[in-house]
Each structure stands twice: as C-alpha cells, then as structure tokens.
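Presented below is the structure to which this report refers.
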Amino acid sequence: MNQKTIIFITGNHYKFQAAKIALKNTKIRLVQKKMLCLPEIQDESVEKIAKFSASWAANILKKPVIVSDGGCYIKALNGFPGPFIKYINKWLSPKDLLKIMSSKKNRRVVWVGCVAYCEPNKKPVVSIEKYNGKLALKSGKNIYRKDYAWIDTLFIPDGHKGPLSEMSTQDYMKFWGNGFDFLLF
C-alpha cells in the first residue's frame, strides 16, 4: 500500500488522535506538527481561518498539510464566541459563560468544525461539519480527559444526554473525527 504523508498542524492531542482514528486503514499517514507561529487571521468564518492557515503552512513547509479549526456559535449571543474559542478559554471559565447566559432562554448552539487540506502552491480544500446542540445549564464533569476546553463541559450535542466532557474517550474521538474522510480523494 502506497501511503501519502500529510502533516497535521495541531498542538491538540485529541484532535490528532481523532484524525488518526478516522483515517485508520486508509492510504494516509498523518504526522503531527506543532507550529507555534502559525498565523491565524481574525474572521468570523472558521472556513476562511482554516484555509488561510493551511495555505500558509503548506507553502512554508513545502509539504501537504491539514489544519482544523472550529467555532461555537451561541444563538442567544448572536453567534458569540464563534471562532474565538481559544481566547474565550483563556479569559473566561465555564461559570463565567453560564453567568452571561443566565437570563437567556434560547440555549441553542451550532458548533462548526472545519478541516482544511492544502498542498504547496495550491488552493486549500475544506470539509465543514456542523453540529447542533444546546448549552448546558451547569458545567459538566470532565471525566475522561485532563486537558479540555470549556466548550467540552458545556456543549450538549443533539442526541446526547450530557456534554462532550462526559462522553467516553471512544465516543469523543468518534464525534471529533468527523470531517476527515474528504481526504480519501
């Protein structure tokens, strides 16, 4: 089997493991690389952010890369925080966000996940997955993972009883592993 090596630009262990599981038994070999200086444009669109980052990394490394980005769009907050999750995780706790949401009746959330693939000097190709759900009334427990984002303790995907943080590691990986199959071109 002739494998194609693709560099996955991420420092997130779970993102990398989910992608590896999703691409198991394929002709794709993923290699994780952390790029501390990966530029991230400021935009409300996770697609534009992921495309820019993937194109930049592919051209710098001179190799095929994938980049993933996500956004949490809370309906009652007009789509806030959107793709600015990293900053919200840094500045606010789950309790802070629940306090902001305390007077809101609409707790609907759309999580948008984007995977961008790019080869050097080519246009990026993307896959976008949307997950509907709701924001919990209280922060869930982080049962299985030691490092997590607050969204994991608050986002309850439709069809699930609890937040992502309470899913088994296997279910968590399956959930976040969606969106990589477009690489099987």
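The values are calculated or read from the model by the stated rules, or taken from the named source; none is laboratory data. Note that this is a predicted model, so its numbers are computed, not measured. Reconstructed Cβ throughout: ideal geometry from the backbone, glycine too, with neighbour counts over all protein chains shown. With ligands, DNA and RNA removed, areas are computed over all heavy atoms of the protein, side chains included. Shrake-Rupley method; radii C 1.70, N 1.55, O 1.52, S 1.80 Å.
Any chance you could count how many residues in the stretch 8-26 are more than 16 Å from A54 (Cβ to Cβ) and not aromatic (F, W, Y)?
Of the residues in the stretch 8-26, 10 are more than 16 Å from A54 (Cβ to Cβ) and not aromatic (F, W, Y).
Six or more apart or on different chains, Cβ atoms under 8 Å: show the pairs whose first residue is in the stretch 64-92 and free of Cβ contacts under 8 Å to residues at least 60 places away in the same chain and farther than 27 Å from C118 by Cβ and whose second is open to solvent by less than 20 Å² (accessible area, probe 1.4 Å) and among the aliphatic types (A, V, I, L, M).
K75/V109; A76/M101; L77/M101; F80/I74
Please give the number of the condition T5 fails out of (1) part of a loop (DSSP other than H, G, I, E, B); (2) exposed (fewer than 15 other Cβ atoms within 10 Å of the Cβ).
(1)
Being open to solvent by 10 Å² or more (accessible area, probe 1.4 Å) and closer than 14 Å to V110 by Cβ is the filter here; which residues of the stretch 150-167 pass it?
I156, D158 - these are the residues of the stretch 150-167 that are open to solvent by 10 Å² or more (accessible area, probe 1.4 Å) and closer than 14 Å to V110 by Cβ.
Per-residue answers, yes or no, for (1) in a helix (DSSP H, G or I); (2) among the basic types (K, R); (3) open to solvent by 40 Å² or more (accessible area, probe 1.4 Å):
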residue	(1), (2), (3)
A18	yes, no, no
I21	yes, no, yes
R29	no, yes, yes
C37	no, no, yes
I60	yes, no, yes
C72	no, no, no
N89	yes, no, yes
L97	yes, no, no
K105	no, yes, yes
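For the structure I just gave you, tell me whether K134 is open to solvent by 70 Å² or more (accessible area, probe 1.4 Å), part of a strand (DSSP E or B) and over 26 Å from K48 (Cβ atoms).
yes
Does V126 count as modelled with pLDDT of 90 or more, in contact with a Cys (Cβ under 9 Å, 6 or more places away or on another chain) and surrounded by fewer than 17 Cβ atoms within 10 Å (Cβ to Cβ)?
Taking the combined requirement at face value, the residue does not satisfy it.
From the set of residues in the stretch 39-58 that are open to solvent by 60 Å² or more (accessible area, probe 1.4 Å) and modelled with pLDDT under 90, which is farthest from N178 (Cα to Cα)?
Q42
Have a look at N121, N178 and point out the one that is at pLDDT 95 or above, within 24 Å of I7 (Cβ to Cβ) and not in a strand (DSSP E or B).
It is N121.
Mind checking which pairs have a first residue in the stretch 154-167 that is without any contact (Cβ under 8 Å) to a residue 12 or more places away in the chain and over 18 Å from Y73 (Cα atoms) and a second that is of a type outside the set (D, E, K, R) and surrounded by 16 or more Cβ atoms within 10 Å (Cβ to Cβ), Cβ under 7 Å, 6 or more apart or different chains?
Once the first residue is without any contact (Cβ under 8 Å) to a residue 12 or more places away in the chain and over 18 Å from Y73 (Cα atoms) and sits in the stretch 154-167, no partner that is of a type outside the set (D, E, K, R) and surrounded by 16 or more Cβ atoms within 10 Å (Cβ to Cβ) comes close enough.
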